[in-house]
1. What residue among GLY292, GLY217, GLY238 has the largest mean-square fluctuation in a Gaussian network model of the chain, using Cα springs under 10 Å?
2. Using alpha carbon centroids, what distance separates the range 246-311 and the range 114-161, in Å?
3. Given H placed on each backbone N at 1.01 Å, which residues far from PHE170 in sequence or on other chains put an amide H within less than 5 Å of it?
4. Figure the gain on full extension for VAL56 and SER256 (residue separation times 0.36 nm, minus the Cα-Cα span) and round it to one decimal in nm.
5. Pick from LEU164, LEU62, LEU149 the residue whose mean-square fluctuation is largest in a GNM of the chain, springs joining Cα atoms under 10 Å.
6. Just rank LEU128, LEU141, fewest to most, by other beta-carbon atoms within 10 angstrom.
7. Out of (1) 31, 60, 9, 0; (2) 34, 62, 4; (3) 28, 45, 24, 3, which label holds the value of P(r) over Cα pairs in 20 Å bins from 0, in percent that was computed here?
8. If R₀ is 45 angstrom, what is the calculated FRET efficiency for the pair ALA181 and ARG100, using the beta carbon separation as r and rounding to 0.05?
Amino acid sequence: MRFNKLDLNLLVALDAMLNDLSISRAAERLHISQSAMSNALSRLRDYFDDELLVQVGRKMELTPRAEVLRDPVRDVLVRVDTSIATQPEFVPSESDREFRIFISDFTLSTLMPHVLARVHAKAPRVRLALRPQVEEPARPLERGEVDLLVMPLDYCSPNHPTELLFVESFSCVVWNRGRYAHAPLTFDHYAAAGHVSVQPASTHPTSFEGWVVERYGLDRRDEVVTYSFASAPGLVVGTDRIATVHSRLARMAARSLPVTLHEPPLAFPEMRQSMQWHKYRSNDPGLTWLRGIFLASVADMDAAVNATNIA
């Protein structure tokens with residue numbers, strides 16, 4: 001099929017090359033020979049009157065024209081995929097679809113077990129690819145490389161729909177035989193103590209709780225830094241350090257770890273954990289079903305969270 005004398009099949013090849021910056025990797029992705037991909041690049045160069053990809057040292061780089069084309073080409077292909085390739089109905093019990101979801105290990109630990117249980121009960125052949133939130137999570141969403149993002153609303157892109165999953169507070173976790181186990185945790189205690197800090201391996205240099213601490217102008221002494229939310233409560237055991245973590249995660253940790261939970265002596269705003277999907281996929285029946293599963297699983301999660309009292 002052609003449009004303005006351009007073979008539209010070449011857009012798929014162009015998108016692969018612009019993304020991989022490699023003729024051989026793009027050919028492998030599309031399951032065609034390297035010579036066929038080289039031929040496609042030659043035809044694209046003729047059409048756009050531009051080199052598109054150029055050899056610089058040992059790697060390929062995009063020309064300015066190719067940089068301009070990169071997002072529009074991907075946008076066209078995402079539109080085609082969502083408008084034509086998406087099935088008009090979704091039957092959970094019969095589907096073997098794979099959903100790609102970007103989540104933090106907080107969500108992985110607290111909500112996902114309940115999501116997986118519901119998915120298994122209603123759609124045993126459906127597969128979920130759970131991937132870590134990497135740099136600029138909105139980027140793979142724009143490119144149609146992920147079906148759903150689960151992250152705080154403050155970090156979501158303003159260009160795509162969101163839906164609130166749940167509201168989360170924060171708790172301070174301390175070793176139950178340490179200095180801060182029994183007395184009320186004051187601001188002065190918090191400021192003087194060593195801390196376990198979470199710095200996720202993503203584009204955001206600090207976590208939500210770290211961002212709040214910075215707003216107070218508190219020069220907190222972070223003695224242990226971890227990339228994992230789920231690991232933080234266990235890292236205070238045997239020490240006088242404090243870990244400030246999501247309350248649901250803290251209550252889960254209190255069921256199996258020798259820790260005590262305190263209300264933070266700082267006014268932490270609530271975190272609004274949300275789902276986000278591409279605007280072109282708002283009418284995708286499979287994704288609509290999955291979002292419903294996530295919403296229903298929140299109640300399962302909260303019913304399972306231990307009702308550990310915060311000191």
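Every number in this text was worked out from the coordinates using simple rules, so none of it is lab data. Please read all numbers here as calculations on a predicted model, not as lab measurements. Glycine gets a Cβ as well: all are built from the backbone with ideal geometry, and neighbour counts include every protein chain shown.
1. GLY217
2. 15 Å
3. Residues meeting the amide H criterion: SER247.
4. Once the chain is fully extended between VAL56 and SER256, it gains 66.5 nm.
5. Most flexible of the set in this elastic network: LEU62.
6. Working: LEU128 19, LEU141 24.
Least crowded to most crowded, the residues run LEU128, LEU141.
7. (3)
8. That pair, ALA181 with ARG100, gives E of 0.60.
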